[in-house]
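This report concerns only the one structure given below.
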Amino acid sequence: MNTEVAHAFVDHLAKLLELFGVGIIIGGVVLAAFLFVRAGFRGGDWQAAYQACRSNLGRGILLGLELLVGADIISTITAPLTFESVALLGGIVMIRTFLSFSLETEIEGCWPWRRAGRDRGVREDRSSPTNSTS
């Protein structure tokens, strides 16, 4: 009986995490749209507003996807483990991980393994004084 209560609690927790993930995605869409319209009307540069909107939208979706993957993993604790359920979970996690990877690459504008070099180059450019030719 004690394990049944624990399984029910974990199942409810996974459902709550799923709802929270979906809420983050919906909130990200609404917030990105609001910021897009506001930036477009304030600055008049709709191209820059569009780029910012894509980044903000991607971040919201990325965070929501991470929570959904976590909820799927947690829900496997309460589900009976069969080959089909594990294979289905593996497929879902792979698809969502691929989407997360793609979104992060799109937001950052470079491959994850190139990000450290890019960030280091940006810091060096900011910290080095302007060279003047004599």
Might you let me know whether segment 41-50 holds any residue that is of a type outside the set (A, V, I, L, M), at negative phi, out of contact with any Ser or Thr (no Cβ under 7 Å at 6 or more places or on another chain) and crowded, with 16+ Cβ neighbours inside 10 Å?
no
Of those in segment 65-79 that are within 22 Å of V5 (Cβ to Cβ) and open to solvent by 50 Å² or more (accessible area, probe 1.4 Å), the residue farthest from the chain's Cα centre (by Cα) is I77
Report, by residue number, each residue of segment 19-28 that is out of contact with any helix residue (DSSP H, G or I) (no Cβ under 7 Å at 6 or more places or on another chain) and either outside any helix (DSSP H, G or I) or open to solvent by 60 Å² or more (accessible area, probe 1.4 Å) (or both).
L19, I26
Out of L35, L62, L31, L16, report the one residue that is at pLDDT 85 or above, crowded, with 17+ Cβ neighbours inside 10 Å, touching a helix residue (DSSP H, G or I) at 6+ places or on another chain (Cβ under 9 Å) and not basic (K, R).
L62
Would you say V10 is within 13 Å of the chain's Cα centre (by Cα) and in a helix (DSSP H, G or I)?
no
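Considering every residue within segment 29-38, establish whether at least one is among the aromatic types (F, W, Y), assigned to a helix (DSSP H, G or I) and within 23 Å of the chain's Cα centre (by Cα). Write out each step before concluding.
As a first pass, look at segment 29-38 and keep what is among the aromatic types (F, W, Y): 34, 36.
Remaining after also requiring assigned to a helix (DSSP H, G or I): 34, 36.
This time we only want the ones that are within 23 Å of the chain's Cα centre (by Cα), so: 34, 36.
Yes.
The values are calculated or read from the model by the stated rules, or taken from the named source; none is laboratory data. Please read these numbers as outputs of a predicted model, since none were measured by experiment. Cβ coordinates were reconstructed from backbone atoms using ideal geometry, including for glycine residues, and neighbour counts include every protein chain displayed. These area figures cover heavy atoms from the full protein model, side chains too; ligands, DNA and RNA do not enter into them. Shrake-Rupley method; radii C 1.70, N 1.55, O 1.52, S 1.80 Å.
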